[in-house]
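The values are calculated or read from the model by the stated rules, or taken from the named source; none is laboratory data. Keep in mind the model is a prediction, meaning the values are calculated, not measured. We place every Cβ from the backbone using ideal geometry, glycine too, and count neighbours over all the protein chains shown. Remember, those area values only see protein heavy atoms, side chains included, never the ligands or the DNA or RNA. Shrake-Rupley method; radii C 1.70, N 1.55, O 1.52, S 1.80 Å.
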Amino acid sequence: MNKIVVIGNGDVGSSYTFALMAQGVGNNVGIIDLDSQKVAGDVKDLTNGLAYVGPKRIYSAEYSDCSDADLIVITAGAAQKENETRLDLVKRNARTIKSIVQSVMAHHFNGIFLIASNPVDVLTHYVKKLTGFPANRVIGSGTSLDSARLRSAIGEKFQIDPRDVNIYILGEHGDTQFPVWSHGNIGGLKISEWLNQHPEFSDSDLIELSENVKNAAYEIIHYKGSTHYGIAISLARITKAILLDENSVLPVSVHLEGQYNSKDVCIGSNAVLNRSGIREIIEIPLDKDEIEKMRFSIQTLKDMQKEILESDS
């Protein structure tokens, strides 16, 4: 049936629902939000376009609709403010997430959770703790957007289609993220090989691009108050990989169980996604500098996870 229930109809939630509509992903999409009037308006607005995208049911949902859903996508939560880090959001949004998850589980949901609320890695870990679900069925959007931003930036800089740029950002979806240059390639060339063939560019150009990507959210928030289109498209891509059983490799927030020498933490890592959720985590052999960056990112997130669990007890 490919039934999706979206919880949270703010900028991210409504943009995600539109992305699903435009890409023809999912044929049954329910929307839950405290602002029932906005949901009703969005449902009517989206339904007006069905003649151009094909049959799909879009409706204002209740928590009871979660009982037979394939995928619950949580986008609800306070928006990130200007000059506020994602980790500053953690305690405010944890209370909201707990209430949502309890309402979903009261109706015996047994599908897959996809979390987009920030800080996404910490809240993905929290949802896993709250539900007791196996790790493969609780997924965060992770560094999917960050990786897409970096590919787009490199594509623009080097005049290359971003789809032919294969570089991943791992770690926290936030300030401790890092690009895995050691395994990146452009059109089959290693990054070092590309730079050797294009002496007009240098390592400093790549470093500047990655720093710009890390700070992209702050810049967008400064301009327009929130980021939502990029993450909505990223969520739609993840959703498609799951519902169509694609076995696609995407950088999402996963629960480590020994990978990168760590356990009991959710963090951005490449993973194979299919109908079961996370089929497997791909542990990339990192170089010495990248290993240290991953360790720092993991510890940062573990510290924040601890704060949530302590405040929740």
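Side notes on the structure shown:
- When the chain is described by a simple charge dipole with +1 on each Lys and Arg Cβ and -1 on each Asp and Glu Cβ, the residue from Ile4, Phe158, Gly188 located farthest towards its positive end is Ile4.
- If only the Cβ of Lys and Arg carry +1 and only the Cβ of Asp and Glu carry -1, the dipole of the chain around its Cα centre is close to 880 debye.
- Counting only Cβ charges, +1 for Lys and Arg and -1 for Asp and Glu, the dipole size of region 218-313 around its Cα centre is about 320 debye.
- The residues of the chain expose on average 45 square angstrom of accessible surface per residue, using a 1.4 Å probe on protein heavy atoms.
- Percent carbon-and-sulfur accessible area, region 17-116, ignoring ligands, DNA and RNA, probe 1.4 Å: 50 percent
- Projected onto their three principal axes, the Cα atoms of region 186-313 cover extents of 55, 36, 35 Å, largest first.
- Relative contact order %, the chain, counting alpha carbon pairs below 8 Å whose residues are six or more apart: 19 percent
- Nearest 10 degrees, 0 to 90: helix 36-47 Cα axis against the chain principal axis: 70 degrees
- Mean silhouette area of the chain, derived from the convex hull of its C-alpha atoms and averaged over all directions, reads 15.9 nm².
- At 0.692 mPa s and 37 °C, Stokes diffusion of region 17-111 via Kirkwood alpha-carbon radius, µm² per second: 219 µm²/s
- Axis of helix 120-131 versus longest Cα principal axis of the chain: the two differ by about 40°, to the nearest ten degrees.
- Given charges at Cβ of Lys, Arg, Asp, Glu: the chain dipole, positive-most of Ile291, Thr131, Gly225: Thr131
- Carbon and sulfur %, accessible surface of region 142-309 computed with the full protein complex present, 1.4 Å: 49 percent
- Acute angle (nearest 10 degrees) that the helix 229-243 long axis makes with the longest principal axis of the chain, alpha-carbon atoms: 80 degrees
- Among the lysines of region 240-313, pairs that are 8 or more positions apart or on different chains and have alpha carbons within less than 25 Å of each other number 7.
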